């Protein structure tokens, strides 16, 4: 309420959705502004995760303890979560949107499923996730590698709000962080998981085709992976060579990440995702699930690589090697 000239006290009331009403209360007008206390509403919101888009309240105002004159309508997005948070808790709107905008969960298990469904298409691929206002979030955005890639939720969402060419471009850790932060809104605990090789090799993520090998005298690591050097000096896959041919290996566009097909980087020393429950691993970068390290290798890993010289690596196919471990 913003009475522009009145000074003194004013009575306010509001008619909200269902039984959520705001009874007559008298408040002081200060600098042309009258504020209705948020704790004075009658009725309660349902005990479910919910998203009012919008919640509309019809207001009245008056003098002398009774509000009779129409004072307009407010219309705001309102998110309802399963737990109460401290007054200083100030998450990003996208985080809250991922927690509360999908479904009407009454418990944490349902809330987890509803949030995860915003990251995945049935557990078999990415849902091409966006911010609350529809800006795409990219897992290794096409044409951009390690450089300027977000490492956590804050960097990912602040990047998405920029006008840079790499806006919304993040590594796996930023998507794992985003999922964990969204789950926290409903009081859900989940573990950060690091996937890495047992023997210290690098690994390449599916899918690739193998041409005739360069290292025919090698017993296992017969194929050459020739990556490129980025501006910061790290070995990487950007800029992609013609045909996405990296030595003896050619990258296929069959395994998509969030808003990218294929992601620009798929050669790693480790990968991050989330564990919720026993033997349930959720990979928000790709929108897929795993049951254990063996399942992760079978679904995600094409080969294992050892450094040779320069930006050259020797690679062997991963099938059946069981060379991945998940921590914790």
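The values are calculated or read from the model by the stated rules, or taken from the named source; none is laboratory data. Note that the structure is a prediction, hence the values are computed from the model and not measured. Cβ placement follows ideal geometry from the backbone for every residue including glycine, while neighbour counts extend to all protein chains displayed.
Quick notes
- Scanning the stretch 256-275 for residues that are crowded, with 22+ Cβ neighbours inside 10 Å and touching a helix residue (DSSP H, G or I) at 6+ places or on another chain (Cβ under 6 Å) yields a total of 3.
- Search result, residues across the stretch 129-149 that are crowded, with 18+ Cβ neighbours inside 10 Å and within 11 Å of the chain's Cα centre (by Cα): 129, 130, 131, 137, 138, 139
- Consider the stretch 202-217 and keep the residues that are over 28 Å from the mean Cα position of the chain (by Cα) and surrounded by 14 or more Cβ atoms within 10 Å (Cβ to Cβ). The one that is nearest to residue 146 (Cα to Cα) is 210.
- Qualifying residue in the stretch 44-58 (condition: more than 30 Å from residue 258 (Cα to Cα), over 34 Å from the mean Cα position of the chain (by Cα) and modelled with pLDDT of 95 or more): yes
- Residue 225 under 29 Å from residue 94 (Cβ atoms), buried (at least 22 other Cβ atoms within 10 Å of the Cβ) and in contact (Cβ under 8 Å) with a residue 40 or more places away in the chain: no
- Number of residues in the stretch 192-228 that are closer than 22 Å to residue 289 by Cβ and not in a strand (DSSP E or B): the value is 3.
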